[in-house]
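Remarks on the structure that follows.
Each value in this text was obtained by applying a stated rule to the coordinates, not by laboratory testing. This one's a predicted model, so the numbers in the text were calculated from it and none came from an experiment. A quick note on method: Cβ atoms are made from the backbone with ideal geometry, for glycine too, and the neighbour counts reach across all protein chains shown.
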Amino acid sequence: MTKPYNILLALALIAAAGTAAAGPISCPGTAATTDREFTLNTSVTATCLATGVGNINGNDDDVNDLGYITLDKSDDNISGLAPFNWLTITGSGTTSGTFSFVPPAGYDTFVIAFKSGEGILDPDWAAFELPAGVFSGSWSISGNQALSHANLYGRHTSVVPEPATLALLGLGLAGLGFRRRKKV
């Protein structure tokens, strides 16, 4: 026989799991007061992907080295794969604001990176991998150095490799040819 409090406990755990999926995440997430914290708040909690010192400009940088392609940069109209202002940032030049972007076709994994000033606190930048379907949120930076710029990166994760596509096309054409020959 199941006791009523076991059922209530199970329901409470299920409810807590559903609500734990949303909220802010800090990067690097340390307790040291000498660190700068970048915080991202989205409808589903993002992941702190990487942090670093120095600049992150979207041109062969640390996030590119992880396999992501630079799609857009908030402070110019020339950086990125196709700089069509996909990324919108509010609060540039301050320590908090919002971000949003229209996901470009062909990409299904996105990273947003925020860059602040150098020399006072570390890290100078933080990159967050966004959960599937999350294209907006709010951001903040601890300390007194403001946002310099943000970069949007993307990755193709469900693309069929070209040789496999050609092989499938060849098999399909061969099958059609075989079927046509059989009818004659």
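Estimated at 0.36 nm per residue, the fully extended path between Ile120 and Asn41 surpasses their Cα-Cα distance by 26.0 nm. Averaged over residues, the count of other Cβ atoms within 10 Å places the peptides 106-114, 137-145 in the sequence 106-114, 137-145, highest first. Compared with the alpha-carbon gap, the fully stretched path from Ser100 to Asn64 is longer by 10.9 nm at 0.36 nm per residue. The radius of gyration of the Cα set in the stretch 47-86, together with its Dmax, comes out at 10.6, 28 angstrom.
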